[in-house]
Amino acid sequence: MPGKVLNIIVTGVGGQGNVLASQIIATAAVESGYQVSVGETFGASQRGGSVMSHVRVSQEKLGPLIPRGEADFILGFEPLETLRTFREYGSQKTQVIMNVRPNYPLGVLLNEDKYPDIPELTENIRANSERVWALAATDLAVSVGVPVGTNMVMTGAFVGTHILPIGLETYEAVLEGLFTGEILRLNLAAFQAGFKAVS
Amino acid sequence: MEKRLLMGNEAIAWGAVEAGVAVAAAYPGTPSSEVLETLSHLAPEYGFHAEWSVNEKVALEVASGAAYTGARALAAMKQVGLNVAADPLMSLAYIGIKGGLVLVVADDPGPHSSQTEQDSRKFAAFAKLPVFDPSSPQEAKEMVKAAFVLSEEFHLPVILRPTTRTAHMAQDVAMETANLPARDYRFEKDPKWVIFPSLSYKKHILLNQAQKDLAEKFSHSPFNHLVLNPESSEGIVASGVSYNYVMEACETLGIHPSILKIGTPYPLPSQPVLDLFAHCARILVVEEQEPVVEDQLIQMAWKEEAKIEVSGKQDGRVPREGELNVDKVIAIIKAFLRQREPKDLAQPPHAWVQSTLGTMETTEAASAVEAAHEHSFELPPLPLRTPVLCAGCPHRASFYAFKEVGRRQDAVFTGDIGCYTLGTIPPLDMLDTCLCMGAGVTQAIGMSKVEPGRKHVAFIGDSTFFHSGIPGMINAVYNQADITIVILDNRTTAMTGHQPHPGLERTATGPNPKAIDIQGIVKACGVEFVREVDPYDLKAMKEAAREAMVYKGTAVVIAKRECVALVKPEVKYVVDPKACTGCELCLKKLGCPAMAKDKTLVVIQDNCSGCGICSQICPQKAIQGVSR
C-alpha cells in the first residue's frame, strides 16, 4: 500500500455487480486485519443509473466518502462511468482499470446524446492518471464461459495489480464463503482470468 | 473478538439480536430496508418474530404491542415512513412502554431516494423522545443496545436515526454474543395503558420532566465525547456521520480545535457542552439537515450567558440542504477560520447571539460551498445516466397501453411511490403527479370532483396498494368518484429490493398460506368494474384501458405480471434487418434499454428479457421472438 490509506472506487452501471466486487475487496481487507469503510449507493440508482462504491482500506477508522481528487484506484466497469468518476475523484496519482465495453445510456440509445469515443476517452484518462489498464473484461468473461462474470474478471484484475498487499488465496477464500458448487467454479474462473490479464 | 464487514443497517439488526429482541416489524424504504431484511434472515435461528408489516403505522403499533408485554421490540422505517407512523408515536410518548422499544428511522439527506430531506431528530424533539445519531456501523450496533436499556429505564420509545451514509456504509464491526428473547412475556392489565385525556395531562407532565433527566443522563453517555485542546479557543461540534467528515477535514487542514462529538442530539447533553463553552470563544456546529444540535446549543449559551460566537446553519455557514462530505466540511471550516476577527465580547451576550441569526441565506451558503468544489477548468458535459425502467418491465407495457388509449382524451395520470415513478421519464412521459404513498388514487378523486369532463387515471403498485391504497379506493367508491385506478401488480415490492407483501405466498420468514387476492379486495370494496390483465398482452391491456376510461364511476384495472428481475427469460427478441425500415417507432415510443440504433436499423441487445411489446407495436412485423 502506497500510503496509510488506500482509496478505491468501484464504478459502473446499476446491475453490473459493482456492489459485490466492492464487498469482496472489503471483506478480504477485513480478513487481513485492515480497517475498512465502504460507501454505497442503493435505491433508485440501482435501476440502470450510475453507481459507485467507495472502498477505503486503512489503519484507522474513516468516513464512508472519498474526497474529490483522492482516489488511489478506480475500478471502472464501464468506460463512460469510469471517465465520470475519474473527472471527479481522479488525479495524476490514480491508477485505473477500465472495462472497455460500453453500456449506452437511454439518451444515447435515443440518439439524443453522443457517447464519447472510447480510444479518445482512454487516452484522456491515461494522460491525466498514473496508469490505465484498458481491459476487454466482458469479452474475457465470455471467453471463460461466464458471460455474466464481468464483475469477477474486474475484481480479479484489481487483485492482479497487487496494489493491496493481500494474497490471492485470501480473496479466493472470500469467494468460497460467498458461493458454492458450479456458481463458485464459474466465479473463480472469471476471477482468475482477470487476475492473469494484468499480472 | 470476531470482526465482520457489516453495513450500518446490518449492524443495527445485529445490535437488536444481541439485545434479545423478541419482535421486529418494518415497511421497506430506502435507506432503511436492510434492517428488517437482515432480521428476517436471523429470526428463525434466534427465535424472534420478524415481519414486513403493511405500512409503518402498523409496524410501530405491532412493535409497541409486544413492548407492552415486557418484550424488547424494534420497528424500522425510512423518514417519510415516520410521517405515516406519527400517530402512534406521539401517543406512545405519553403512554410509554414496558419492554424496550427502539424505533429505527433512516434519514436521507441529499436526498438520494426520497421525497423530502426531513430531519427525524426534529421529529424526536417534537415527540419529546430521545434520539441516537450513529456515526458508524459499530456505533450503530452499540447504540441499539443502549437504546433498549434507556427505553426500559425511562419507559419511553427511543429513536435511532442513521442517515443514508451510516445506514449503507459497511465497516469491520466487532461481533458479540446474541441473546435469545425470553418466553414468559405477559401483558399486565392496568388503566395506565388506556389513553384518556385526564391521564394524558398527567403523563405530559412526566414526559416534560423526563426531558431534563434524559439530558442529564446523556451528559455521561459514551456516545458523546469531548476532546478539549486548551491551546485553542475554537471548538467544533459534530453530530452523527458528520463527525467522520470533521475529523478527516481537521487532519487534512492540520488544525486541532476542541472537538465535541454528539451521538445523542436530542435532548442535547448539558455537561460536555458547558465544558466546551468554558474553553471556547468560537464554536462551529457541523450537522446535516436541520440545526437540531445548534439550536439547543444556542439556547444553552443564552441561558448560561456564555460569551460564545456560534456558527452553523443559523448564520448560513453550513448548508441546510443536501448531504455533507469531507470536501464541503473543509470549505466550511476554512471559512469559519477566516472569519476569526476579534469579536467585541464586551457587548451583552444576548445581543450577539441574536446577531448570529439569519444573517445569510442558507442557499447562498450551499452555493458557496459548492463553488469551492468546481474544477478550475471547464470540461464538456458527459451524457447523463439516469435510472430507467428495466428492459421488459411490465410497467412499461401498462404505461404504453394507457398512453395510447388516453392521449386523445387529455387524461390526467396520477402516480405514486415505487419503480413505476420512473414512468415519468421520456419517452413514456406518463406520470403527471407523485406526492407520497397512496396519494395517486386520492388526488385523482380530488381532481375528478372539479374537472368532471376529464378522465383521471391513478397508477399504484401492489405493495403501495396494501400500504395505503385501499382506503383511497374505498373513498373513491364511497364518494362516487369517476376515476380509473390501475394497480401495477408486479408481485413484489421491487424498488426497495423485492420484499414480500400480503398478496404473495411468502412472509418475511416463511410461507404465507393465505395470500390475499387483490381482485377479491377490489370487488369486496364495491368496485363494479374490475379487469385483471397481463400487460404483456398489449391488445387486451389497451382494451381494458379503453373500457375502464369510458366507464362512469370507479373502475379498476389490475395489470398483473411478475417483475422481470425475478424471472429468468426464456425468449429474446430479434430484429429482422431485411424487414426493419428504421422507422424507430419502437425506440421512440418505448425507451427500452435493450433497444439501440445501429447505423440505420434498430438492434436488440442481450439484456432483452422477452416482454415482446416492441414486436407487438412494430408496423413492419420485423421483430420476432426466439428461444434463449
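The values are calculated or read from the model by the stated rules, or taken from the named source; none is laboratory data. Computed from a predicted model, the values in this text were never measured in an experiment. Virtual Cβ from ideal backbone geometry, glycine too; neighbours counted across all protein chains shown. Side chains included, ligands, DNA and RNA excluded: accessible areas come from the protein's heavy atoms. Shrake-Rupley method; radii C 1.70, N 1.55, O 1.52, S 1.80 Å.
Note on chain B: with charges restricted to the Cβ of Lys and Arg (+1) and Asp and Glu (-1), its dipole about the Cα centre is near 1800 debye.
Once Rg and the Kirkwood radius are both taken over the C-alpha atoms of segment B:571-627, their ratio Rg/Rh works out to 0.89. Each residue of segment B:198-214 is assigned a 3J(HN,Hα), and the resulting list reads 5, 5, 4, 4, 5, 5, 5, 4, 5, 5, 5, 5, 4, 4, 5, 5, 5 Hz, derived from the Karplus form 6.51 cos²θ - 1.76 cosθ + 1.60 (θ = phi - 60°), x at Gly and Pro. What separates the Cα centres of segment B:222-248 and segment B:147-168 is a distance of 22 Å. For segment B:225-349, the per residue solvent-accessible surface stands at 38 Å², with DNA, RNA and ligands left out and a 1.4 Å probe.
How shielded is A:5-15 by partner chains, expressed as the average number of their Cβ atoms within 10 Å of its Cβ atoms?
Taking all residues of A:5-15 together, the mean is 1.
Taking a probe of 1.4 Å and counting only protein heavy atoms, give the total accessible area buried between chains A and B in Å², rounded to the nearest 100. Can you show the working numbers first?
On the way: alone 9380 and 27480 Å², together 32790 Å².
That pair hides around 4100 Å² of surface in total.
Its Cα gyration tensor gives segment B:403-553 an equivalent ellipsoid; the semi-axes, largest first and in whole Å, are 25, 17, 15.
To the nearest 500 deg cm²/dmol, what mean residue ellipticity at 222 nm is calculated for chain B from DSSP H runs of n ≥ 4 alone, each contributing -39,500 (n - 2.57), summed and divided by the residues?
Mean residue ellipticity at 222 nm (helix-derived): -11500 deg cm²/dmol.
Just to check, using Stokes-Einstein with a Kirkwood Rh over alpha carbon pairs, what's the diffusion coefficient of chain B at 4 °C and 1.567 mPa s in µm²/s? Reported coefficient: 48 µm²/s. Compactness of segment A:57-199 was expressed as the Cα radius of gyration divided by 2.2 N^0.38 Å, which yields 1.11.
Cα extents for the protein assembly as shown along the principal axes, largest to smallest and rounded to whole angstrom: 86, 69, 54. A 1.4 Å probe, protein heavy atoms only, puts the accessible area of B:Trp302 near 110 Å². Considering only B:Gly418, B:Val273, B:Gly453, the residue lying farthest towards the positive end of the dipole of the protein assembly as shown is B:Gly453, judged by Cα position with unit charges set on Cβ. Counting only Cβ charges, +1 for Lys and Arg and -1 for Asp and Glu, the dipole size of segment B:571-627 around its Cα centre is about 120 debye. Using a probe radius of 1.4 angstrom, the carbon and sulfur fraction of the accessible surface of the protein assembly as shown is 54%. Between B:Glu505 and B:Asp576, the modelled labels are 3.8 nm apart [label points 7 Å from Cα along Cα→Cβ].
Between B:His204 and B:Val603, what is the FRET efficiency for a Förster distance of 56 Å, r being their Cβ-Cβ separation, to the nearest 0.05?
Details: r = 68 Å, r/R0 = 1.21.
FRET efficiency, B:His204 to B:Val603: 0.25.
With the convex hull drawn over the C-alpha atoms of segment B:225-349, the volume per residue is 97 Å³.
Roughly how many debye, to the nearest 20, is the charge dipole of segment B:225-349 about its Cα centre, given +1 on each Lys and Arg Cβ, -1 on each Asp and Glu Cβ, and no other charges? Mind dumping the intermediate values first?
Working: 12 positive and 19 negative charges, 39 e Å.
In total the dipole reaches around 180 debye.
Here the peptides B:198-205, B:330-337, B:2-9 are ranked by packing, the mean other Cβ count within 10 Å, and the order with the highest first is B:2-9, B:330-337, B:198-205.
Take each residue in A:57-64, count the other chain C-beta atoms within 10 Å of its C-beta, and the mean is 6.
Where both bridge residues fall in the protein assembly as shown, DSSP classifies roughly 35% of the beta bridges as antiparallel. Any idea how far the Cα center of segment B:459-505 sits from the one of segment A:63-105, in Å? Centre-to-centre distance over Cα atoms comes out at 40 Å.
For the peptide A:67-80, the mean number of other protein chain Cβ atoms found within 10 angstrom of a residue's Cβ is 2. Each residue of segment B:400-475 gets 85 Å³ once the volume of the Cα convex hull is shared out per residue. The residues of chain A expose on average 37 square angstrom of accessible surface per residue, using a 1.4 Å probe on protein heavy atoms. For a straight C-alpha distance cut-off of 14 angstrom, the aspartates and glutamates reachable from B:Lys560 (same-chain residues fewer than eight places away being disregarded) are B:Asp462, B:Asp489, B:Asp517, B:Glu532, B:Asp534, B:Asp537.
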